[in-house]
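Some notes on the structure that comes next.
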Amino acid sequence: MSHFNTLRSKLTDIGILTSSLRSLGMVVHTDAEVRGSDCQRVRADIVAVLDGGYDLGWTQNSDGSLDLIAALWGVARRHNMAALLNSINQNYAVNQTLAAVKRPGLQNATVKLVMQP
């Protein structure tokens with residue numbers, strides 16, 4: 001019996017996700033296995049290695065969206081899930097915005113990025 005949960009996300013860019021996870025100090029592997037309970041593992045396109053024996057993974061769907069795969073109860077034993085996912089999503093949003101303003105045609109644009117708690 002698998003103890004992995006799969007959650008739909010609104011994330012779509014593997015490169016931005018990878019750099020966001022690394023900027024949060026996480027070790028990131030591509031095309032790797034997500035660790036779960038009882039030595040169970042499942043393949044994912046991106047894996048954030050967490051302390052405590054459980055990881056977070058993301059797989060890309062045919063529509064470009066990314067699904068989160070993890071043994072959530074195991075991750076939650078060592079990490080505050082809400083805080084962890086919020087920090088990942090916030091960092092992803094900031095990096096996505098910064099990447100968007102670097103696109104051609106926006107070099108002379110003024111961008112004000114305001115982050116609120």
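What follows draws every value from the coordinates through simple rules; no lab data is involved. None of the values given here were measured: they were computed from a predicted structure. Because the Cβ atoms are built from the backbone with ideal geometry, glycine has one as well, and the counts that use them run over all protein chains shown.
Compared with the dominant Cα axis of the chain, that is its longest principal axis, helix 14-23 is turned about 80°.
Say the dipole of the chain comes from +1 at the beta carbon of Lys and Arg and -1 at that of Asp and Glu; which of TRP58, LEU72, VAL101 then lies farthest toward its positive end? Of the listed residues, the answer is VAL101. With 0.36 nm allotted per residue and the present C-alpha distance subtracted, the ASN89-SER37 stretch has 16.2 nm of extension available. All Cα-Cα distances of the chain, cut into 10 Å bins from zero to the largest, leave 13, 43, 29, 11, 3, 0 percent in each bin in turn. The trypsin sites (Lys or Arg not before Pro) found in segment 1-83 that occupy coil by DSSP, while having at most 10 further C-beta atoms within 10 Å, are LYS10. Please compute the net charge surrounding ASP31, taking Lys and Arg as +1 and Asp and Glu as -1 over other residues with Cβ under 14 Å from its Cβ. Local net charge: -1. If one takes the longest principal axis of the Cα atoms in the chain, at what angle in degrees, from 0 to 90 and to the nearest 10, does the Cα axis of helix 81-101 lie? Long axis of 81-101 versus the principal axis of the chain: about 30 degrees.
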